[in-house]
1. Looking at (1) in a helix (DSSP H, G or I); (2) modelled with pLDDT under 65, which one does residue 85 not meet, given that it meets all the others?
2. Considering only residues of the range 67-79 that are in contact with a helix residue (DSSP H, G or I) (Cβ under 7 Å, 6 or more places away or on another chain) and under 20 Å from residue 297 (Cβ atoms), which is surrounded by the most Cβ atoms within 10 Å (Cβ to Cβ)?
3. Quick one: which residue in 378, 364 is touching a strand residue (DSSP E or B) at 6+ places or on another chain (Cβ under 6 Å) and more than 21 Å from residue 493 (Cβ to Cβ)?
4. Given the conditions (1) outside any loop (DSSP other than H, G, I, E, B); (2) touching a helix residue (DSSP H, G or I) at 6+ places or on another chain (Cβ under 9 Å); (3) surrounded by fewer than 18 Cβ atoms within 10 Å (Cβ to Cβ), and given that residue 568 satisfies all but one, which numbered condition is not satisfied?
5. Closer than 13 Å to residue 568 by Cβ and either part of a loop (DSSP other than H, G, I, E, B) or touching a strand residue (DSSP E or B) at 6+ places or on another chain (Cβ under 7 Å) (or both), is that true of residue 514?
6. Can you find a residue that is at positive phi and either at pLDDT below 95 or buried (at least 23 other Cβ atoms within 10 Å of the Cβ) (or both) anywhere in the range 479-488?
7. Quickly run through the range 405-421 and pick out the residues that are in contact (Cβ under 8 Å) with a residue 60 or more places away in the chain and more than 15 Å from residue 527 (Cα to Cα).
8. Which members of the range 518-534 meet the condition of being over 18 Å from residue 409 (Cβ atoms) and surrounded by fewer than 18 Cβ atoms within 10 Å (Cβ to Cβ)?
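The values are calculated or read from the model by the stated rules, or taken from the named source; none is laboratory data. Values in this document were obtained by computation on a predicted structure and should not be read as measured data. Positions of Cβ are backbone-derived with ideal geometry, glycine not excepted, and every protein chain shown enters the neighbour counts.
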């Protein structure tokens, strides 16, 4: 072939190549233009609405992170925060990804193979079989919902999915999807759905439950369990069939799962500790997750106990319970009413924080200060007899008196006169100040000052404060005043002084021997009961080595309930509460160093018997006080003839405790000398009354006639 012929043949090839290059160049320009237009369009979409997507319901959890109560969002939706790693059963995650997005861990937000499969299914079946959307694309659609399916909407999802993959990790994307996925009605997210449909957290789902929760978000309204349970069941079974085809589930397991009926109704959301939760959300307004010191299991147990016992006590009777951890002072349970939604019992009033008269429940603190001051010992003797303190004459609950009893029995029997006598020595103002110092906010009636009546309930106190004060006994004299709301970054509370260690142990030891209610085991729980004036409030507060529990029973409006007393109404609830904690009663602390443990006969003389204010201790046994001379009824010649002058009359005294005071006709004339003699000047002729009184108050009197 000649050179000219070769050139001629190459010209068409060159022209074709030029046309191809031109076409490629045009295509490249077109692609650049399209890419630019797409970039401009994507930029016009604005930033991802991540902040709004992360908005969730406020949740209140216990000390272990267990959900106590959730609050719906402002628009009424239930959307609970989810961590796929810790909050969801791994089996559900595996099933979800196998059904919705098998290449979730490897794709960049869009799965081309899934899109091509969806397109082929559309061509072969004539309708949409699967959307080809990845979990990331579905999240994009949930974040920015579109009413209709269209190419534009799909393109929007793709762009947003790529952006999500660039900004978030795979775990964050999965968490957001599990938080936003719709499950019908106002339920969003797997936690809300699992709680509403199964009554449990999604940590341990069965295969039937997992398949159902995978199926619902595809068409949440037409598969709502409370409206279309048959549709939901059919969708669940299709998921199981598909998983059998994929080899994720065995035929036997799938068959068993299909036999499980689907729920036909929604359960209420958890609402444990409603009073504490309400107060927590009011205190920490902007917090999304609020932690309380409560123990969810114990809270639920005591709420059930309060509801059962209130129903047995009467339609208008309310019950409140507080449990405190002795070591930390943290509140483990707080039951403000038997039923939050019971209007007849004023269920929304938190009776753990209501001011009520404590009855006799303050007596242990009176005895504790008396022990601390060395006024008495548990084995000291004390009189329970009629007595008057100015215009105040206390009486016992049963209107009887026990005579001389030990201090131990006086406290265990809750005798009023010994308690008031000790309070008179300790001082009502000092008791009030000490309890306030320890965290007990005592409220006196308007314009009142602390008085002896506060020892029998003449003051206001809350159940929570009283229970925390009682926790000072097993803590050997210190209290820790805490709130059930855990405030982030708050300093831990400092212990506060209640009383001396030995005194606190002595009170606890005495209360441990208090006779328990019928059918209860003795010497397991140290406790005290109380009944306020007019049968308005019944109390029982007790403790072991682990926790302290307080119980209040009564009507929230303060109406008297005749016959309702602490021992029969509140004490059985207290012992039942300890029994339901799931623990055997823990031993109380051992006696602190320096504790005097002895019977009455071996106590130091001043501690053997309590003496009211003004009565001195008799250091040795003295003979009875007696005027030896002159004799009663005798005549004494003391005149000096016809004059009006009278000579001194000697008086001789035996026995008694020095000093001895001499009185003539009721007027003191000085003390008797060491030889127990005294010369008196007669006031004149006639009858004269001579009286001598010793240091203990004993007295002897004679009447003589002066001539």
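1. With (1) in a helix (DSSP H, G or I); (2) modelled with pLDDT under 65 applied to residue 85, the lone miss is (2).
2. In the first step, residues of the range 67-79 are kept if they are in contact with a helix residue (DSSP H, G or I) (Cβ under 7 Å, 6 or more places away or on another chain); the result is 68-69, 71, 78-79.
Remaining after also requiring under 20 Å from residue 297 (Cβ atoms): 68-69.
On the way: 68: 23, 69: 21.
The qualifying residue surrounded by the most Cβ atoms within 10 Å (Cβ to Cβ) is 68.
3. Numbers: 378 fails: touching a strand residue (DSSP E or B) at 6+ places or on another chain (Cβ under 6 Å).
On inspection, the qualifying residue turns out to be 364.
4. So residue 568 meets the others, but not (2).
5. Details: closer than 13 Å to residue 568 by Cβ: no; either part of a loop (DSSP other than H, G, I, E, B) or touching a strand residue (DSSP E or B) at 6+ places or on another chain (Cβ under 7 Å) (or both): yes.
It is false that residue 514 is closer than 13 Å to residue 568 by Cβ and either part of a loop (DSSP other than H, G, I, E, B) or touching a strand residue (DSSP E or B) at 6+ places or on another chain (Cβ under 7 Å) (or both).
6. Taking the range 479-488 first, the residues at positive phi are none.
The answer is no; no qualifying residue exists.
7. Let us first name the residues in the range 405-421 that are in contact (Cβ under 8 Å) with a residue 60 or more places away in the chain, namely 406-408, 411-412, 414, 418, 421.
Once the filter is applied, which keeps residues that are in contact (Cβ under 8 Å) with a residue 60 or more places away in the chain and more than 15 Å from residue 527 (Cα to Cα), the range 405-421 yields 406, 407, 418, 421.
8. Within the range 518-534, the subset over 18 Å from residue 409 (Cβ atoms) is 518-521, 524-525, 531-534.
Within the range 518-534, 518, 519, 520, 521, 533, 534 meet the criteria.
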